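Report on the following structure.
Please treat every number below as a calculation from the coordinates, not as lab data. Treat the numbers as computed from the prediction; the structure is a model and nothing was measured.
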Amino acid sequence: MTESFSRTAALSGPPPIPRSHRVATGWAVGLLVVIALVTLFLCEPHGQPFYPQCGLYVATGLACPGCGGLRAAHQLLHGNVSAAFALNPLFMVLIPAVGWLLVNQAGRKVFGRPWSPPFQHRAWIWVLVTLLVAFSVTRNLPVLKHLTGTKNDRAFPN
């Protein structure tokens, strides 16, 4: 009898997470995001030792698609949209899409509605990968070096 029960339990999956745990997790994640944004607002990423460095840039001197993203976010938090766009245009273009996805996900959680991801088709993944590769190659071309937002120093990856 216990064998059939354990088989049934194994097929049904893990037990649901209690609502109180989900709420506590949501508050904890929200608090961490606020702390991260306040830290980013107060401490410019350029030259700060506690911000991560881009491994690709440190190893090769080539800027990845995310290089300059922290400095762009810092500028954006201070209201300098043009400076943020100059540091990482791709970051600025993707912010509305990521924000929309996060708001949709939060709305689904709050209102308990089923959510179908808007970019379900496999072609969207290829579009994103192509965009990332094209941006990476373009921003590292000597002719278009202004797209990197570098300050001609080794602290660029922030």
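Read phi for every residue in region 79-84 and hand back ³J(HN,Hα) as whole Hz from Karplus 6.51 cos²θ - 1.76 cosθ + 1.60, θ = phi - 60°, with x for Gly and Pro.
Working through the residues one at a time gives x, 8, 5, 5, 5, 5 Hz.
Which whole-Hz couplings ³J(HN,Hα) result when phi for each residue of region 90-95 is put into the Karplus expression 6.51 cos²θ - 1.76 cosθ + 1.60, θ = phi - 60°, listed in order with x for Gly and Pro?
5, 4, 5, 6, 7, 4
Above 12 Å lies some portion of the pair distances; for region 86-141, what is it as a whole percent of all C-alpha pairs?
Numbers: 1134 of 1540 pairs.
The share of Cα pairs beyond 12 Å in region 86-141 comes to 74 percent.
Using 10 Å bins from zero, what percent of all Cα-Cα pairs in region 18-148 falls into each bin?
Histogramming region 18-148 at 10 Å steps yields 10, 31, 34, 21, 4, 0 percent.
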